Amino acid sequence: MPGKKGIHFGGGNIGRGFVAEFLHNSGYEVVFVDVMDNLIETLQKTPKYTVTEIGPDGETTFTIDNYRAMNSKYEMEQVIEEIATADTVTCAVGPNILKFIAAPIAKGINNRKKSEPLAVIACENAIGATDTLRGFIEKELSEETKANIKDKARFANSAIDRIVPIQPKDAGMNVMIEKFYEWCVESKPFEPASPPDIKGVHYVEDLQPYIERKLFTVNTGHATAAYYGHSKGKQYIHEVLEDKELHDIVQNVLKETAHLICQKHDHISVQEQQDYVQNIVKRISNPVLKDNVERVGRAPLRKLSRKERFIGPAAHLAEMNEKYDCLLGSIEMCLRFQNVEGDDESAELAKKLKSMGAKEATQDITGLEPSHPLFKDVQSLVEKVQGESK
């Protein structure tokens, strides 16, 4: 009987160092799919690579093999055929790219060759990423497939948490990654069958608390440290958190999001969330990671969007008539992350702030409606940043 097969879109560090590691350790053959010629060619020429997990107690290295790599620019029909006979499809491509990978996944589902449904799990830093991907996939499905979708595919949202620092220049396909991880996946979409057997995945009935806790703690805290650190000329995240003033700012932001999480999800106790926050601050303070401030800060437009790590929690708090002053500080620092070398979004942010009025820019960048209780405060920050850059 042939072994299990997992298709993974995105051959980057998260794909190779996190998702593929879990699939490989669970007995899957991994098929990487990407459009980067150099990356796919290198993977095709490299029969194995290493994943080195780094933590305060040292390093552990694993070897990853039993994989193939395909370039969907040139091998689309083969990619579709691989999906038709796969057990799982995962992706770590960035939320903005989901619409581009939907068509081959849909065609693979239309042509499904296995009796069991395909498990589709998006591994993105975004709330409901698999739901978003499913929306794009369903536009491409045949009517027959749509009518029998449960027999053809199951779609489960997930929350992933693992820090991948900037890699050594000579790393090749090898990946250095933080030892800590969390990968939570919804279990209900797979019922009455069992979910995919992937070692290390934590299947949960209700994913929302895990996604929000992670996004509004890990991502909010990490990005806050990056933007304040950038403004102070710091190079690494651990240096930001060694600075008492900046350390306290990050802690105060996370007090606001912790209050929100405990109010929204009453099964998460105040003490449990406090412990979680301190564990996260300790993780991102790890000097072994050498986590670059610019790497963490890149893509400020995405990070300022409506459901993301700053506007998302601040909007919830504003609707609850609760305090969000410290989150406003993070939003301001993110607005100042402009024209950073190697980050297209920071240049685009600068253009938007220069070419639009404050109200239009606030609406365009954050997705907030002018009637929202958070809108005026964010507009004031936009006006402030615009005024200082003239």
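The values are calculated or read from the model by the stated rules, or taken from the named source; none is laboratory data. Computed from a predicted structure; not experimentally measured. Neighbour counts are summed over all protein chains in view; Cβ atoms, including those assigned to glycine, are modelled from backbone coordinates with ideal geometry. Heavy atoms of the whole protein, side chains included, go into the accessibility calculation; ligands, DNA and RNA do not. Shrake-Rupley method; radii C 1.70, N 1.55, O 1.52, S 1.80 Å.
Holding the Cα-Cα limit at 18 Å, pick out from 150/188; 323/359; 107/146; 179/234 the pairs that are longer than that.
323/359; 179/234
Test of the criteria: in the stretch 51-124, which chymotrypsin sites (Phe, Trp or Tyr not before Pro) are in a DSSP loop and have at most 12 other Cβ atoms within 10 angstrom of their Cβ?
Listed in order of number, the matching sites are 74.
What residues qualify as long-range amide H neighbours of residue 187, i.e. H under 5 Å apart, gap of 5 or more or another chain, H built at 1.01 Å from N?
204, 205
So which lysines pass the test for residue 352, namely a Cα distance under 23 Å, with those fewer than 8 places away in the same chain ruled out?
Straight-line reach from residue 352, under 23 Å: 303, 307, 376, 384, 390.
Relative to the longest principal axis of the C-alpha atoms of the chain, give the angle of the C-alpha long axis of helix 325-335, reported between 0 and 90° and rounded to the nearest 10°.
Long axis of 325-335 versus the principal axis of the chain: about 70 degrees.
Find how many whole Å separate the alpha carbon centroid of the stretch 201-252 from the alpha carbon centroid of the stretch 282-321.
6 Å
Ordering 170, 197 by accessible area with a probe of 1.4 Å, largest first, what comes out?
Solvent-accessible surface, decreasing: 170, 197.
Among 287, 340, 253, which residue has its Cα positioned farthest towards the positive end of the charge dipole of the chain, with +1 placed on the Cβ of Lys and Arg, -1 on the Cβ of Asp and Glu, and the dipole taken about the Cα centre?
Comparing the listed Cα positions along the dipole, 340 ranks first.
Nearest-5 percent of antiparallel DSSP beta bridges in the stretch 5-205?
Of all bridge pairs located within the stretch 5-205, approximately 30 percent are antiparallel.
Quick one: ranking 326, 334 by accessible area, 1.4 Å probe, largest first, what do you get?
326, 334
Taking a ≥ b ≥ c as the square roots of the Cα gyration tensor eigenvalues, with a/c under 1.5 meaning rounded and otherwise prolate when a/b beats b/c, else oblate, which class fits the stretch 261-361?
It comes out oblate by the Cα gyration axes.
Does the stretch 40-185 come out rounded, prolate or oblate by the C-alpha gyration tensor, with a ≥ b ≥ c the root eigenvalues, rounded set by a/c under 1.5 and, if not, prolate when a/b is larger than b/c and oblate if not?
prolate
Give me the percent of DSSP beta bridges within the chain that run antiparallel, rounded to the nearest 5.
30 percent
Can you pull out the chymotrypsin sites (Phe, Trp or Tyr not before Pro) in the stretch 278-339 that DSSP calls coil and that have at most 14 other Cβ atoms within 10 Å?
The qualifying sites: there are none.
With a 1.4 Å probe and every protein chain left in place, tell me how much accessible area residue 320 has, in Å² to the nearest 10.
For residue 320, the solvent-accessible surface is approximately 70 Å².
Over the stretch 198-318, how many percent of alpha carbon pairs lie in each 5 Å bin up to the one with the longest distance?
2, 11, 21, 22, 20, 14, 7, 2, 0
Over all alpha-carbon pairs of the chain, lay out the pair-distance distribution in 10 Å bins, whole %, shortest bin first.
Going out from 0 Å in 10 Å bins, the chain shows 5, 22, 31, 26, 14, 2, 0 percent.
Using a 1.4 angstrom probe on the protein heavy atoms only, line up 359, 264 by accessible area, largest first.
359, 264
Is the stretch 1-56 best put as rounded, prolate or oblate by its Cα gyration tensor, with a ≥ b ≥ c the root eigenvalues, rounded for a/c under 1.5, and otherwise prolate when a/b is larger than b/c, oblate when not?
oblate
Do any GluC sites (Glu not before Pro) in the stretch 190-299 lie in a DSSP loop with no more than 10 other beta carbon atoms within 10 Å, and if so, which?
Counting only loop positions with at most 10 other Cβ atoms within 10 Å, the GluC sites (Glu not before Pro) in the stretch 190-299 are 205.
Amide H of residue 29: which non-local residues (sequence gap of 5 or more, or other chain) have their own amide H closer than 5 Å, using H built in the peptide plane?
Here 4, 5, 6 satisfy the definition.
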